[in-house]
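Chemist: Have a look at this one before I ask anything.
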Protein chains: 2
Amino acid sequence: MKAASRPRRERLPRDERVGQIMTAARKIFREKGYEASSTAEIAVAAGVVEGTLYRYFPTKRDLLIKVVEEFYANIFSDYEAQLRGVRGTWNRLRFMIWKHLSVMHGDPDMCRLIVHELRPWPQYRQSSVFTLNQRYTQSTLAVVREGIANGEFRDDMPLRIVRDMIFGGAEHHTWAHLRDEGRFSPDEAADGITNMIYQGLARGGQGNSEAVGGPVKRLERAVRRLEGLTGPRRRNRKRA
Amino acid sequence: MKAASRPRRERLPRDERVGQIMTAARKIFREKGYEASSTAEIAVAAGVVEGTLYRYFPTKRDLLIKVVEEFYANIFSDYEAQLRGVRGTWNRLRFMIWKHLSVMHGDPDMCRLIVHELRPWPQYRQSSVFTLNQRYTQSTLAVVREGIANGEFRDDMPLRIVRDMIFGGAEHHTWAHLRDEGRFSPDEAADGITNMIYQGLARGGQGNSEAVGGPVKRLERAVRRLEGLTGPRRRNRKRA
DNA sequence: GTTAGTAAGTGAGTTGGACTCATTAAATGG
DNA sequence: CCATTTAATGAGTCCAACTCACTTACTAAC
């Protein structure tokens, strides 16, 4: 009677066990959300007992954070590299916005975890994920700065507002989809947001007395820039 | 020993008791957030025993919802009335955005409850608060519709995008303040967002779009195409 | 080999908070 | 003054995160 009940002990190296637990946690969290997932359930899925989770992750929340960190790492890889292949302010802006929306579109469950379950947490701004996210939004703002530097964009709009409207707009736009209660098209949304931001930042304030000179001057500048690009010039300066 | 322990029973009419409980709940929720508030604590603050809460509110969450509903009712009163006193599309838009930001600025704790604790909840979109919020955003979109109707705004931008950028932008902008980890100025933010939206929606040619907007738009498209061609082209746009 | 040290793994707890229910008693109305 | 209704109670139940004293597999020194 004792015979069969013994050999239930499989020791693995730390990293391997951590990997198993994170894989299980990612799966359960994605399926049911953070609150609705229990540590007992995650432990079963990982093939360990509940106490083992706590050897590697001090709290359930830390487990979520690690899972999200891993996700960010995947997103980042080849993000800036791809951007380097896109030319022109409108296109570069559109690319960044489109990429962001595509992530939300492609992995709504993980994004819901981040947006609805991790970010509202009181200590979010002290977490590593907050820092990762800052880096993320900065790479989009860099494109806006380029636009200001080359004269396409006005320089009197606080960058913070621009950032908030891009990412806030994208987030609100994707809400229903994150809850699996609606669709959106990353292409159409990216066009809409990009156009609003691009025109909103364009120099020469359309809609006032410069209504004619504004766009024409802007296009003249763009043409000059394009003429420059057809030559040996590769990249524009960062700041004026 | 039995003598003193008897007369602890004060019966109140339903509405009065409900009011007491909601007042206590609002206070505690605001101070500590939803998760960190316990029903026991709320009961003590309301001067009742825990079980009494559950006579009037089926769950702790329902209690939060009622508190938030009451808050919305206060916000709404004289909202549309005030708008009627503001003339001009820019001014009306700016008023609505400013008002929204002012609410976030003036009662960050309640707004944090709504944004960070109620909205992420899975059944939020089936709740009364969601409906209230829709009504709220619609009154701002009505101003945008007026602008389209009188020719100030273009009509080819999806209203949903405009809504998402206004409210998403406002929300992102106020995040730090909601957590008491940063400030913002409702005036400056309202100016920024309003200007972005206003210029972003402004018609190209202001009344003579055939003469100016047409060619300009065509040139803009050409410029964007050329910008794309100068680097490895990543994606085609949807718009013709 | 043997053995001591280390770290992986266990599972029976503890804790705390949301929610329930059988019971008590104040108000109400016939 | 009795019957009915319903506000109020508080002792419990249930469930999930987290703890801890202990057990056992692996490793390296001798």
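Chemist: Before we move on, is B:Phe76 open to solvent by less than 60 Å² (accessible area, probe 1.4 Å) and more than 11 Å from DNA strand C (Cβ to nearest atom)?
Modeler: Yes, satisfied.
Chemist: Now, a different point. For region A:97-135, enumerate the residues that are among the aromatic types (Phe, Trp, Tyr) and either over 23 Å from A:Ala189 (Cβ atoms) or in contact with a His (Cβ under 6 Å, 6 or more places away or on another chain) (or both).
Modeler: A:Trp121, A:Tyr124, A:Phe130
Listed here are the residues, each with its yes/no results for (1) near DNA strand D (Cβ under 8 Å from one of its atoms); (2) in the same structural domain as A:Arg179 (by TED's automatic domain parsing).
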{"residue": "A:Gly19", "(1), (2)": "no, no"}
{"residue": "A:Ala43", "(1), (2)": "no, no"}
{"residue": "A:Gly47", "(1), (2)": "no, no"}
{"residue": "A:Leu53", "(1), (2)": "yes, no"}
{"residue": "A:Ala73", "(1), (2)": "no, yes"}
{"residue": "A:Ser77", "(1), (2)": "no, yes"}
{"residue": "A:Arg92", "(1), (2)": "no, yes"}
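Chemist: Does region A:28-43 hold any residues that are outside any helix (DSSP H, G or I) and in contact with a Ser or Thr (Cβ under 6 Å, 6 or more places away or on another chain), and which are they?
Modeler: Result: no residue meets the conditions.
Chemist: Can we say B:Glu146 is within 27 Å of B:Leu201 (Cβ to Cβ) and of a type in the set (Asp, Glu)?
Modeler: Yes, satisfied.
Chemist: Taking B:Val86, is it open to solvent by less than 40 Å² (accessible area, probe 1.4 Å) and either farther than 26 Å from B:Leu141 by Cα or over 20 Å from the mean Cα position of the chain (by Cα) (or both)?
Modeler: yes
Chemist: Hey, among A:Asp164, A:Asp155, which residue is open to solvent by 30 Å² or more (accessible area, probe 1.4 Å) and free of Cβ contacts under 8 Å to residues at least 12 places away in the same chain?
Modeler: Matching residue, one of A:Asp164, A:Asp155: A:Asp155.
Chemist: Hey, among the residues in region B:31-54 that are within 14 Å of chain A (Cβ to nearest Cβ) and at negative phi, which one's farthest from DNA strand C (Cβ to nearest atom)?
Modeler: Checking each candidate, the answer is B:Glu31.
Chemist: Among the residues that make up region B:99-109, is at least one of them more than 14 Å from DNA strand D (Cβ to nearest atom), open to solvent by 40 Å² or more (accessible area, probe 1.4 Å) and in contact with a Pro (Cβ under 6 Å, 6 or more places away or on another chain)?
Modeler: yes
Chemist: Just checking, which of B:Arg179, B:Arg163 is touching a Leu at 6+ places or on another chain (Cβ under 6 Å), at pLDDT 65 or above, of a type in the set (Lys, Arg) and not assigned by TED's automatic domain parsing to the domain that holds B:Arg30?
Modeler: Being touching a Leu at 6+ places or on another chain (Cβ under 6 Å), at pLDDT 65 or above, of a type in the set (Lys, Arg) and not assigned by TED's automatic domain parsing to the domain that holds B:Arg30 holds for just one of B:Arg179, B:Arg163, which is B:Arg163.
Chemist: Might you let me know whether region A:129-152 holds any residue that is open to solvent by 30 Å² or more (accessible area, probe 1.4 Å) and either facing chain B (nearest Cβ under 9 Å) or at positive phi (or both)?
Modeler: The answer is no, given that none of the residues of region A:129-152 is open to solvent by 30 Å² or more (accessible area, probe 1.4 Å) and either facing chain B (nearest Cβ under 9 Å) or at positive phi (or both).
Chemist: Restricting to region B:55-64, name every residue that is away from chain A (no Cβ under 14 Å), away from DNA strand D (no atom under 14 Å from the Cβ) and open to solvent by less than 40 Å² (accessible area, probe 1.4 Å).
Modeler: Scanning region B:55-64 gives a single hit, B:Leu63.
The values are calculated or read from the model by the stated rules, or taken from the named source; none is laboratory data. Please read all numbers here as calculations on a predicted model, not as lab measurements. Every residue, glycine among them, receives a Cβ derived from its backbone with ideal geometry; neighbour counts consider all protein chains shown. Accessible surface areas use protein heavy atoms only, side chains included; no ligands, DNA or RNA. Shrake-Rupley method; radii C 1.70, N 1.55, O 1.52, S 1.80 Å.
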